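The values are calculated or read from the model by the stated rules, or taken from the named source; none is laboratory data. Values in this document were obtained by computation on a predicted structure and should not be read as measured data. Using ideal geometry, Cβ is built from the backbone for each residue, glycine included, and neighbour counts are taken over all protein chains shown. We work out accessible area using only protein heavy atoms, side chains counted, and drop any ligands, DNA or RNA first. Shrake-Rupley method; radii C 1.70, N 1.55, O 1.52, S 1.80 Å.
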Amino acid sequence: MPELPEVQALVEFLRTRTAGLVVTGVELGSISVLKTFTPPPQALVGAPVDGVERHGKFIDLDCGGTHHVFHLARAGWLRWSDAMPATVLRPGKSPIALRVRFDDASGFDLTEAGTKKRLAAYIVGDPGTVPGIASLGPDPMAESFTLEQFAAIAAAHRMQVKGMLRDQSIIAGVGNAYSDEVLHVAKLSPFALAATLGEAEVERLYAALRGTLSTAVAAASGKPAKELKDAKRAGMRVHGRTGETCPECGDVVREVSFADSSLQYCATCQTGGKPLADRRTSRFLK
């Protein structure tokens, strides 16, 4: 799933590439991808792209005051083309869910792999009316996101710290991958309770959160959309690296599996050398 760094890179790419362009077409390959009904997709046609912004993991194209907002979810992606095919996209079994064309013949497709269709697009007058945006917590990359604000958030949530980092209504933009990375840098167990963290642990976690995301944003910046997935994987310290060597201490990277996801961590760095049991409610193996 693309998270804050990749979404920010896509925003920067689109911001540069669509500057001065006008939308000439919007085609649906999947009727279910569009979550709004008014205004219709045709409302974007003829509108200039006035700006591209990020809200958490949402991308927002301001097209003459009408906003095309989309969330790539777990298996979605944006595929850019400098010369879009002439054939009109038709609803069917194609992985292309939505296509946008511009007046220089360029454009992009929103694609989604797999059977669980969660990619979502919205056409709205105000992006704040999109439910997922309206409920977002603070952006961890914002200048206003201070240590004091983060400490207050942690103190208010008696939940596992990994869950707190991933909850978009608490902190916007972080998902499964970067929460693993942040916790490894902070040397904290993913099962630690946020509200019970000491002052020094909160400070480490805040620094790890800001630092990890800043580094990832810088690494992704300037890369074309097609290179971002590989760049993300290459930059991971522990996430997706089960059985490999921890870059910090040399121990093996371990995994906890859940029904539809998994987390990776280093026992030496994060849990005092004790492996976490491989079930959701466990603390440690006895």
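Counting residues that are touching a Lys or Arg at 6+ places or on another chain (Cβ under 8 Å), which helices (runs of 4 or more DSSP H) fully inside segment 100-203 reach at least 3?
176-186
Against the definition (on the phi > 0 side of the Ramachandran plot and either of a type outside the set (Val, Ile, Thr) or modelled with pLDDT of 95 or more (or both)), how does Gly76 come out, yes or no?
Against the criterion (on the phi > 0 side of the Ramachandran plot and either of a type outside the set (Val, Ile, Thr) or modelled with pLDDT of 95 or more (or both)), Gly76 does not qualify.
Criterion first (touching a helix residue (DSSP H, G or I) at 6+ places or on another chain (Cβ under 8 Å) and open to solvent by 10 Å² or more (accessible area, probe 1.4 Å)) does Arg99 satisfy it?
No: the conditions fail for Arg99.
Restricting segment 172-187 to residues that are open to solvent by less than 10 Å² (accessible area, probe 1.4 Å) and either in contact with a Leu (Cβ under 6 Å, 6 or more places away or on another chain) or charged (D, E, K, R) (or both), which is nearest to Gly211 (Cα to Cα)?
Val182
On the given criteria, is Gly20 exposed (fewer than 15 other Cβ atoms within 10 Å of the Cβ) and not acidic (Asp, Glu)?
So Gly20 passes the test.
Condition (residue is under 27 Å from Lys232 (Cα atoms) and in contact with a helix residue (DSSP H, G or I) (Cβ under 7 Å, 6 or more places away or on another chain)) applied to segment 32-49: is it met by at least one residue? Even if it seems obvious, please write down each step before you answer.
Taking segment 32-49 first, the residues under 27 Å from Lys232 (Cα atoms) are 33.
Add one more test, that the residue is in contact with a helix residue (DSSP H, G or I) (Cβ under 7 Å, 6 or more places away or on another chain), and what stays is none.
Checking segment 32-49: not a single residue is under 27 Å from Lys232 (Cα atoms) and in contact with a helix residue (DSSP H, G or I) (Cβ under 7 Å, 6 or more places away or on another chain).
Return the only residue of Leu28, Leu89 being touching a residue at least 24 places away in the same chain (Cβ under 8 Å), of a type in the set (A, V, I, L, M), crowded, with 17+ Cβ neighbours inside 10 Å and in contact with a Lys or Arg (Cβ under 7 Å, 6 or more places away or on another chain).
Every option except Leu89 fails the conditions.
Report yes if Leu213 is in contact with a Leu (Cβ under 8 Å, 6 or more places away or on another chain) and either open to solvent by 30 Å² or more (accessible area, probe 1.4 Å) or not in a loop (DSSP other than H, G, I, E, B) (or both), otherwise no.
Criteria met by Leu213.
Can you tell me which residue in segment 138-170 is most open to solvent (accessible area, probe 1.4 Å), limited to those that are farther than 16 Å from Ala186 by Cβ and of a type in the set (S, T, N, Q)?
Ser144
When you scan segment 224-238, how many residues do you find that are closer than 22 Å to Val174 by Cβ, open to solvent by less than 50 Å² (accessible area, probe 1.4 Å) and under 17 Å from the mean Cα position of the chain (by Cα)?
5
Select from segment 148-180 the residues that are of a type in the set (Asp, Glu) and touching a residue at least 40 places away in the same chain (Cβ under 8 Å) and list them in ascending order.
Initial filter on segment 148-180 (of a type in the set (Asp, Glu)): 148, 167, 180.
Within segment 148-180, Asp180 is the sole residue that qualifies.
Within segment 239-286, which residues are surrounded by fewer than 19 Cβ atoms within 10 Å (Cβ to Cβ), modelled with pLDDT of 95 or more, outside any strand (DSSP E or B) and among the hydrophobic types (A, V, I, L, M, F, W, C)?
Listed by number, the list holds a single entry, Cys249.
Could you grab the pairs with beta carbons closer than 6 Å, sequence gap of 6+ or different chains, first residue in segment 212-226 and within 15 Å of Thr16 (Cβ to Cβ), second one outside any helix (DSSP H, G or I) and open to solvent by 40 Å² or more (accessible area, probe 1.4 Å)?
Taking only residues 6 or more apart or on different chains, the pairs are Ala225/Trp80.
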